[in-house]
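Report on the structure given below.
The values are calculated or read from the model by the stated rules, or taken from the named source; none is laboratory data. Predicted model, so just to flag it, every value in this text is computed and none were measured. We place every Cβ from the backbone using ideal geometry, glycine too, and count neighbours over all the protein chains shown.
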Amino acid sequence: MTGAADVIRVTLPAHLRTLARVHGEVELQVSGQVTQCAVLDALEARYPMLCGTIRDQRTGKRRAFIRFFACEQDLSHERPDAPLPEAVAVGAEPYLIVGAMAGG
Amino acid sequence: MSGVRVLVGTRKGAFVLSSDGKREKWDVSGPHFPGWEIYHLKGSPADQDRLYASQSTGWFGQLIQRSDDGGATWEPVGNDFSYQGETGTHQWYDGTPHPWEFARVWHLEPSLDDPDIVYAGVEDAGLFRSDDGGKNWQELPGLRGHKSGPSWQPGAGGMCLHTIILDPSSPGRMFTAISAAGAFRSDDAGQTWRPVNQGLRSEGIPDAGAEVGHCVHRIAMHPSRPSVLYMQKHWDVMRSDDAGESWHEISGDLPTDFGFPIDVHAHEPETVYVVPITSDSHHFPPEGKLRVYRSRTGGDEWEPLTRGLPQEHCYVNVLRDAMAVDSLDSCGIYFGTTGGQVYASSDAGDSWAPIVRDLPAVLSVEAQTLP
């Protein structure tokens, strides 16, 4: 568990960095428990052009070719409201939003 | 001096091609949105600098981009395409009911007189409208909710609404076409719809003359004569003289009547263009010769246009939204290929030259005539 003041580091895939007009990692303030859902809520609030590109806007379901990694673990199939690893919550490790390897 | 802007959507980005009225030298801008599929982009007839683009990938879904400066800069606008009311089902490939699922926007059709109003034709087939420049989208559910909806089936390319035509003489009248459901008409600004497929015959469906189920590839209309429609169907080139109430075949002496795009000369409502493709199993031109065919008689009698087009070893396709005309005095015609070429003719098709040769596969071409 972490306090509201901690900075969460998020890494976006290249196409979404271009869309959001950011370079490198994104730093977010997340209040309350740090979960996938809370991180994405904060990300979409800061960068509304990302709405719908990572998860469905109505159901919140992760898009099929998006993956969530952190601390060398695949967290894609965790519940959206499950707490993220402490290292992510305190900003020691980034939360990686990844476009799955596929296509050409 | 007048000019032309050609908007090109490709598998890996958008390109804006610009020229003066001579159409001899072209500036190429792009790729915009590199790496994304751009199914379609189109300018508002009411504001030449207002453009809309459909941007998507399988990874990140659908975005709509808007430009207010003729494509120099773009801003993402709304991308929530939620079907209204009961989702319902259509028929899946195996014959079972399948819930409607939004996949992408195939076609954007700006209003004829208000740059903030734009329609979107989507897969799975549905029609959406925005009244605020693309920020918010509302479905016009009367189309998808037609009683025949549960029987609609996808074609090989998905169940897409790919054609939207607004009748300039009758503001409430619209036409849409869906693969593989057919053509539909509304007379009340999209609130209610009915199939307009009488006269179509499709051997690939159990009842060749059925009310719905036809794989219409494209419909074109000349704005001065909106009751006349031209259609490239999966097979057959068709014509209606009564706003879709009935259709008759005008394939005439074409070498094959399979194809995707169809368009009409800007100043001659009886001059029509198609690009014959060998067959539904061979999506390339007959004999490896890329030929546009022109009819100056509203169909039936066709002439091949070959000057400047490759006449050997050419195995590209021209997709349904990849042909357009400008309205300069000498009508310009443009089409893009799956091989990445965009060809232009500034003399109504008599001669052609490539503007660009090596783009990604071209999905759509639109032309804007600039004052």
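Looking at the range A:48-104, which of the residues that are polar (S, T, N, Q) and modelled with pLDDT under 95 is surrounded by the fewest Cβ atoms within 10 Å (Cβ to Cβ)? It comes out as A:59.
Within the range A:32-50, can one find any residue that is within 28 Å of residue B:136 (Cβ to Cβ), β-branched (Val, Ile, Thr) and either over 12 Å from the mean Cα position of the chain (by Cα) or within 14 Å of chain B (Cβ to nearest Cβ) (or both)? No, because not a single residue in the range A:32-50 is within 28 Å of residue B:136 (Cβ to Cβ), β-branched (Val, Ile, Thr) and either over 12 Å from the mean Cα position of the chain (by Cα) or within 14 Å of chain B (Cβ to nearest Cβ) (or both).
Of the listed requirements (1) over 27 Å from residue B:5 (Cβ atoms); (2) over 22 Å from the mean Cα position of the chain (by Cα), residue B:76 misses just one: (1).
Contact map, the range B:123-141: residues that are closer than 18 Å to residue B:158 by Cα paired with residues that are among the β-branched types (Val, Ile, Thr), Cβ distance under 7 Å, separation 6+ or inter-chain. Pairs shown: B:125/B:178; B:127/B:176; B:128/B:122.
For (1) surrounded by 15 or more Cβ atoms within 10 Å (Cβ to Cβ); (2) aliphatic (A, V, I, L, M), each residue gets a yes or a no:
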| position | (1), (2) |
| --- | --- |
| B:285 | yes, no |
| B:300 | yes, no |
| B:322 | yes, yes |
| B:341 | yes, no |
| B:351 | no, no |
| B:359 | yes, yes |
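Taken over the range B:66-78, the criterion of being more than 10 Å from every other protein chain (Cβ to nearest Cβ) and not small (Gly, Ala, Ser) is satisfied by B:66, B:68, B:69, B:73, B:74. Take residue A:19 and decide whether it is in contact (Cβ under 8 Å) with a residue 24 or more places away in the chain and within 14 Å of chain B (Cβ to nearest Cβ). Criteria met by residue A:19. Scan the range B:81-100 residue by residue and report those that are out of contact with any strand residue (DSSP E or B) (no Cβ under 9 Å at 6 or more places or on another chain) and under 22 Å from residue A:44 (Cβ atoms). Those that are out of contact with any strand residue (DSSP E or B) (no Cβ under 9 Å at 6 or more places or on another chain) and under 22 Å from residue A:44 (Cβ atoms): none in the range B:81-100.
Restricting to the range B:63-77, and then to whatever is surrounded by 18 or more Cβ atoms within 10 Å (Cβ to Cβ) and without any contact (Cβ under 8 Å) to a residue 60 or more places away in the chain, can you tell me which residue is nearest to residue B:146 (Cα to Cα)? Applying the filter and picking the extreme gives B:63. Scanning the range A:70-104 for residues that are within 14 Å of chain B (Cβ to nearest Cβ), touching a strand residue (DSSP E or B) at 6+ places or on another chain (Cβ under 8 Å) and in contact (Cβ under 8 Å) with a residue 24 or more places away in the chain returns A:97, A:98, A:99, A:100. In the range B:262-274, the residues that are surrounded by fewer than 22 Cβ atoms within 10 Å (Cβ to Cβ) reach residues that are assigned to a loop (DSSP other than H, G, I, E, B) and hydrophobic (A, V, I, L, M, F, W, C) with C-beta atoms within less than 7 angstrom, at least six apart or across chains, in these pairs: B:265/B:331; B:265/B:348; B:267/B:331; B:269/B:228.
Looking at the structure I just gave you, is residue B:49 surrounded by fewer than 24 Cβ atoms within 10 Å (Cβ to Cβ), among the charged types (D, E, K, R), more than 10 Å from chain A (Cβ to nearest Cβ) and not in a strand (DSSP E or B)? Working first, answer last.
Details: surrounded by fewer than 24 Cβ atoms within 10 Å (Cβ to Cβ): yes; among the charged types (D, E, K, R): yes; more than 10 Å from chain A (Cβ to nearest Cβ): yes; not in a strand (DSSP E or B): no.
No, not satisfied.
Being surrounded by 15 or more Cβ atoms within 10 Å (Cβ to Cβ) and either touching a residue at least 40 places away in the same chain (Cβ under 8 Å) or in contact with a strand residue (DSSP E or B) (Cβ under 6 Å, 6 or more places away or on another chain) (or both) is the requirement here; does residue B:210 meet it? Here the answer is no, as residue B:210 does not meet what is asked. In summary, strands (runs of 3 or more DSSP E) completely within the range B:280-362 and bearing 1 or more residues that are at pLDDT 95 or above and either touching a Cys at 6+ places or on another chain (Cβ under 9 Å) or within 28 Å of residue B:248 (Cβ to Cβ) (or both) occur at B:292-295, B:303-305, B:323-325, B:333-336, B:342-345. List pairs: first residue in the range A:52-69 and within 11 Å of chain B (Cβ to nearest Cβ) and under 22 Å from residue A:94 (Cβ atoms), second residue surrounded by fewer than 16 Cβ atoms within 10 Å (Cβ to Cβ) and charged (D, E, K, R) anywhere in the structure, Cβ distance under 8 angstrom, at least six positions apart or on different chains. Once the first residue is within 11 Å of chain B (Cβ to nearest Cβ) and under 22 Å from residue A:94 (Cβ atoms) and sits in the range A:52-69, its partners that are surrounded by fewer than 16 Cβ atoms within 10 Å (Cβ to Cβ) and charged (D, E, K, R) give A:55/A:61; A:63/A:56; A:67/A:74.
Evaluate the range B:5-21: report whether one residue or more is over 23 Å from residue A:66 (Cα atoms), surrounded by fewer than 18 Cβ atoms within 10 Å (Cβ to Cβ) and in contact (Cβ under 8 Å) with a residue 60 or more places away in the chain. Checked against the condition, which is being over 23 Å from residue A:66 (Cα atoms), surrounded by fewer than 18 Cβ atoms within 10 Å (Cβ to Cβ) and in contact (Cβ under 8 Å) with a residue 60 or more places away in the chain, the range B:5-21 yields at least one hit.
Look at residue A:28 and say whether it is farther than 27 Å from residue B:103 by Cα, crowded, with 17+ Cβ neighbours inside 10 Å and not β-branched (Val, Ile, Thr). Criteria met by residue A:28.
Of all residues in the range B:79-125, exactly one satisfies the criterion of being within 12 Å of chain A (Cβ to nearest Cβ), closer than 14 Å to residue B:135 by Cβ and surrounded by fewer than 19 Cβ atoms within 10 Å (Cβ to Cβ), namely B:80.
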